[in-house]
Amino acid sequence: MNKNVKWLPAILAPVLVIGAVVAAPAVARAASTPPDKTAQQVLALIATAKDAAYSGTVEQHSDLGLPQLPTAGPGSSAGGSDATAQILDLLTADHTARVFVDGASKQRVQVLDKLAERDVIRNGSEVWTYDSKTKKANRITLSARSSAGSGTPIIGPVPNDPDTSTPGGSATPELQTLSPAQLADRAIQAITPSTYVAVTSTASVAGRAVYELELTPKTGSATLVSHVVLSVDAATGLPLRVVVDARGQKADAFSVGFSSIDFSTPAASLFRFTPPTGATVTTHTAPATSPTKKPHAAPNAAAHPKPTVTGTGWDTIVELPAGATATKGSSPTPSATQSKLLDELTTAVPGGRALQTSLLSVLLLDDGRVLVGSVPIASLESAVQ
Amino acid sequence: MSRAEPARAPGARPFALLGSELATLFRRRRTIAMLGALALVPILIAIAVRVTSAGSSGRGPAFLSDITQNGLFVGFTALTVSIPLFLPLTIGVVAGDTIAGEASLGTLRYLLVAPAGRLRLLGVKYLGAAVFAIAASAVIVVVGIGIGALLFPIGPVTLLSGDTIGAGDFALRALLMIGYVSMSLLGFAAIGTFISTLTTVPVGAMAATVVLAAASQIMDALPQLSAVHPWLFTHDWFAFGDLLRNPISWDSYAQNAVLQLGYIVVFGSLAIGRFTTTDVLS
Amino acid sequence: MTTDAAIETSGLTKIFGRQRAVDDLDLTVPRGSVFGFLGPNGSGKTTTIRMLLGLAGASSGEIRMLGAPMPGALRSVLPRVGALVEGPAIYPFLSGRANLLRLDAADLHAPSATRRARVDAALDRVGLSHAAQKKAHAYSLGMKQRLGIANALLRPRDLLILDEPSNGLDPQGTREVRSLIRSLAAEGTTVFVSSHLLSEIEQLCSHVAVMSAGRLVAHGTLEELRRGEVRVTVRTPDAANAARVLTELNLPLDEPASGDTAGSGDSVSAVLVDGVLPETVTAALVAAGVRVRGLSVAGETLEERFVALTGEGFDVAG
Ligand SMILES: Nc1ncnc2c1ncn2[C@@H]1O[C@H](COP(=O)(O)OP(=O)(O)OP(=O)(O)O)[C@@H](O)[C@H]1O
Ligand SMILES: [Mg+2]
């Protein structure tokens, strides 16, 4: 009897701990409900957020149905050398970034890696990128015109497809940490007659009440996207989260959003970057048309022939002509391992190889052309002619 | 418990047992040897980098390439190297030995007859393991900084964010890092203490504890198990890097503190349940 | 139950798996007594002591120690109890003195101001002063045993529970422990001592209990236990003649086969039944012309009584 009583705390403690774990999010969810708004009103609210000052943590999760690899050994720099593995990591792994924003001209994005970090810092017309693993810093001076541009220029031109999983880039902050504001812009453009729009106002993100803008394609099975949910902070209009769901998949295919946010102005010193001694500094001047496109990619982009776009709305297909991308990784001579990895990921189809993810299909033709679209592979194949 | 306690003798110090435990632990040759082995990690790293002047290739453990430019990074490199194996190994030895070691010596029965009180003894034993965890991480960082300063140039420290900090800020962050790493090990030490109450064979308890640390790290590396990752006690072990960002990212500190507290509560109460009911027959 | 007993158990039982290591033990140790706790190997003595000290929980039954229920009042009772359980235990990497300092620090109620002095006094009492700074792994068996006894003496105690205190001690040590127990008893300390050295128990104890296979087979004062047959032993070259005389006196002769006290060789022994005086035996032997070299009359030894109670068998009870 006495013995049983002494075991009581041992039984109660795990119950309490698990109870607390379950109860905590439930408590956090109890945010007050904002007044109802129409979709137009919510979009207008977003526009007011351009000059907001805030800092927060952004988390990106993807579940694209790609194979997952064990994470590289702790603290080692492995994984960075193989371009295909790097892309795979970008597509399948989760990422966390911190965002510091003070109005339209001062931003800093930090992609938090294990014992490493990649930074993009913009202060007026000066943009720095820094990678702690390679100790490489890039300095880009924006032309007067482009530096006066949109609220979040550090993200660069948005990819042509509705999500960010474009192969061919290396793991740069630009690509991974599309801030909610950027993705919101994409979503706004997508609100065409091809989409059903609905607004709800009962959810919360990062402890803040939000309007949820739900976009559902009308095209049905022609696209892989099931629907897109954009969460907009009810008080400030700042987009806090974007979730993309894929057809026939329960888990969110892709989501990027704030896990915490603080609307106080970040310290000014955060936007003043001096490259550390020992870092390799490269200086660029950004072309006016694409202000902050990743520097080493910029000359290539200029040389490329323009891609062909077929269709509009959700089932758009983009055809990149031969030579437009280094599809087999960013290095010109792919190593044996990375092409092997690429072979594992793709399946052979007549005339080339196909990569099918839950949100995006890619067709790599033997003649070098690449077709990309948020559509089934079959649609890409029929678009080849 | 019907009878009133005898008035505590004047001059009786309730913390005497803790003092005695720490003195016993740190006077033990085994403990000193383990701390010495941990101190050897930064020393070997520093000498290896110095002799080969390698490390600029960007390969190897984090911060290795920073050492030639700033000796202060030796401590961080050594932490990175020690966290997966050496730290859990030594803390597993100490935590696994807590109760089982006394039981195998037979001194457990004399401590209990003294009477030490089972709860108090368990608490003191756990605190001893916790203090060892602090000492272990402090040895790595402090010896690392020392040997780095001896063999390499030192100067302002570059953070992961690319910003540079001065000596005072560096000292603060090094202290925070010792605090973070030792805190990360507290849940693990609680597990070890619990396992130690299950057996009178200390080597068995130590081995089981160390194996658990390895298993947890393996699970943490398998993406298929990502659902349980946030619950693994090793999950935030490497997040000490967040102290080298500008500004410091406290999220992982707080998250890890809650996680470790959860482990301490669960395994602490299991250990209490077990140790207060078991027969001491050794 | 009377409350002036130092130890009182009723129905105390400990079951290990299917074995009843201690079975329904009703024991009363009067205050101020020196209590001998006897029993063959594996009869449950140490197990009983573990239960008394709260190291092991009883499967059933009750214990009162120094008037308080155990293990409920463990924290108030144990500081007044010194114990040696199943031999000494040491930290081999600490000196003898550091060993005692640590165990004393474990006692929440031990004043730390006098700790060093008390430790030194205890070491002195067991004759370890000169080896106090030596690492305990270098101690001999008897030195460890002395250290264990010193641990029991760190503070003035109302009750000492000593499990085989003279195990491994040299003759001086054994004598020293005996005189130590006597002097402690004289100061009023109750001593509960388990031992296999029956001569020692006989010299020391006022009360005795005997265990056999977990059960109590005898319990009382030493006199009560020893009361029984008195024996006469005749040493003579005329053994056959002497045996005839003793038989004529109606004294039952011991079996010749049972060891050295029997009629084999040059001695004959028999139970001295009530009413027959030793001088009558002497006169009868002389009258019969038996050449008597010696004649002794002795009560039963504790050892004989012990063997009678617990059996001749050498094998321990499983
Ligand atoms: N931990 C244990 N598990 C199972 N059985 C045990 C345990 N400890 C003791 N026993 C059993 O309990 C019985 C009594 O053992 P105990 O140690 O009390 O004997 P003892 O009278 O002290 O013997 P000795 O004279 O040899 O010291 C023995 O049969 C022993 O096998
Ligand atoms: Mg025994």
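How large are Rg and Dmax for chain B when only the alpha carbon atoms are used, in Å?
In order Rg, Dmax, the Cα atoms of chain B give 20.7, 72 Å.
Order A:TRP7, B:TRP231, A:TRP314, most accessible first, counting only protein heavy atoms with a 1.4 angstrom probe.
My answer, sorted largest first, is B:TRP231, A:TRP7, A:TRP314.
Can you tell me, using C-alpha contacts under 8 Å and at least 6 residues apart, the relative contact order of chain C as a whole percent?
About 19 percent, as a whole number.
What is the packing order of peptides A:34-43, C:214-223, B:87-96, B:127-136, taking the mean over residues of other C-beta atoms within 10 Å and listing the highest first?
Top of the packing list down: B:87-96, B:127-136, C:214-223, A:34-43.
Can you list, largest first and rounded to whole Å, the semi-axes you get for chain C by taking the square root of 5 times each eigenvalue of its Cα gyration tensor?
Working from the Cα gyration tensor, I get semi-axes of 44, 23, 17 Å.
Give me a single rounded figure for B:239-247: the average over its residues of other chain Cβ atoms within 10 Å of their Cβ.
Across the residues of B:239-247, the mean count of other-chain Cβ atoms within 10 Å is 5.
Listed here are the pairs B:LYS125/C:LYS144; A:LYS106/A:LYS250; C:LYS45/C:LYS144; A:LYS106/A:LYS135; which of them are more than 28 Å apart at the Cα?
Over 28 Å apart, Cα to Cα: A:LYS106/A:LYS250.
Can you check what the net charge comes to around C:ALA242, using other residues whose Cβ is under 15 Å from the Cβ of C:ALA242 (Lys, Arg +1; Asp, Glu -1)?
Neighbourhood net charge equals +1.
Among rounded, prolate and oblate, which fits the range C:1-101 when a ≥ b ≥ c are the square roots of the eigenvalues of its C-alpha gyration tensor, a/c under 1.5 means rounded, and a/b larger than b/c means prolate?
oblate
Return the ratio Rg/(2.2 N^0.38 Å) for the range B:119-257, where Rg is computed over Cα atoms only.
Its radius of gyration relative to the 2.2 N^0.38 Å reference: 1.22.
Straight-line reach only, C-alpha to C-alpha below 17 angstrom: list the aspartates and glutamates that A:LYS136 could link to, leaving out same-chain residues fewer than 8 apart.
Qualifying aspartates and glutamates at Cα under 17 Å: A:ASP113, A:GLU117, A:ASP119, A:GLU126, A:GLU174, B:ASP66, B:ASP163.
Using the Cα gyration tensor of the range C:68-219, with a ≥ b ≥ c the square roots of its eigenvalues, what is the shape: rounded (a/c below 1.5), prolate (a/b larger than b/c) or oblate (neither)?
Oblate.
The values are calculated or read from the model by the stated rules, or taken from the named source; none is laboratory data. All values derive from a computational prediction rather than experimental measurement. As a convention, Cβ positions derive from the backbone with ideal geometry for all residues, glycine included, and neighbour counts pool all protein chains shown. When the accessible area is computed, the model is the full protein with side chains, heavy atoms only, and any ligands, DNA or RNA have been set aside. Shrake-Rupley method; radii C 1.70, N 1.55, O 1.52, S 1.80 Å.
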